[in-house]
Every structure is written in structure tokens, then in C-alpha cells.
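Report on the following structure.
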Amino acid sequence: PMTLQGAATPPHDILAELSRQAPAAWADWRPEGKAAIAGSERAIFDGRSGLTRAERHAIAAICAELCGESELAGYHRGLGEEAGPTHRLPALMAHAEMLSLRPHKASRAWIQELERAHLAPRDIVMLS
């Protein structure tokens, strides 16, 4: 993973930078917390899935933006730009927006829309 400045660092350093904390502040975190953050980032961005890394970052960008985290959204947007317009990106983004803002609206119809966009079941799980 990269920090906003582009230097390779552990995933938790990205979070420290984005939360405007000095990386040294992470020294106070328990090892289990650091491992959980690093594991989550690996699972989301490196886990087995038919979603490309660029698609995953494009989705992360919209979710961060919807949560009011514009700096984090910019970070992911930069990494997701290579996704470009794909036939399935609109369906991915709509699903991410629905789950972020209106999770109570989730239904089989949303899953079917993702299936029509040629997502495999594991890709739908990864996206969700």
C-alpha cells in the first residue's frame, strides 16, 4: 500500500495520515487492532475476487465520499482511475451507494442487477 505521498508503508500508516495523527500515535494501538486493520485492507484490496483492484478502489472512493471523508476518497479515486468506464462499474457504484445510504432497501433485485453485470457470487460478497 501507498501513503498519500506515494511511499510504501503498512496499511495502518495510511489511516494515521488520513486521520491527521502522527504515525507514532499508532504505537499506542494494541497489536490486535493493527493486525485487524492490515488484514481488512488486504482482504478488501488483495483478496480473491473477479473485481479488479482499480474497481475496488473506485468503489472505496465513492463510499468514502458518501461518508464525508473527502481526503480518503481522493486517495482511493487516484488508485481507482485506471478502472475507467467499464460496463459493470455503474452497477458496482449503484450497489455501493445503496448499501452505504439505504441498506434497508437491499433486495434480491439488487443482487440480480449485479448478476446481469456478470458478477460471480463471490464478487457480489466482496462488493457488499
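For segment 40-128, divide the Cα radius of gyration by the Kirkwood radius and give the resulting Rg/Rh value with two decimals. Could you put the intermediate results ahead of the total?
On the way: Rg = 12.3 Å, Rh = 13.1 Å.
Rounded to two decimals, Rg over Rh is 0.94.
Multiplying the sequence separation of D46 and S100 by 0.36 nm and subtracting their Cα-Cα distance, what value in nm do you get? If you can, show how the numbers build up before the last one.
Numbers: separation 54, 0.36 × 54 = 19.44 nm, distance 2.17 nm.
Stretched out fully, the D46 to S100 stretch lengthens by 17.3 nm.
Spelling out what I want: for every residue of segment 67-72, take phi, set θ = phi - 60°, compute 6.51 cos²θ - 1.76 cosθ + 1.60 (Karplus), and round to whole Hz; glycine and proline get x.
Listing the rounded values in order: 8, x, 9, 5, 5, 5 Hz.
Could you calculate the FRET efficiency of K34 with E69 from 1/(1 + (r/R0)^6), where r is the beta carbon distance between them and R0 is 22 Å, rounded to 0.05? All intermediate terms of the calculation are to be shown ahead of the outcome.
Values: r = 20 Å, r/R0 = 0.93.
Here the calculated transfer efficiency is 0.60.
None of the figures in this text is laboratory data; all of them are computed from the coordinates on show. As the structure is a prediction and not an experimental result, all values here were calculated from the model. Don't worry about glycine lacking a Cβ; one is built from the backbone with ideal geometry, like all the others, and counts go over all protein chains shown.
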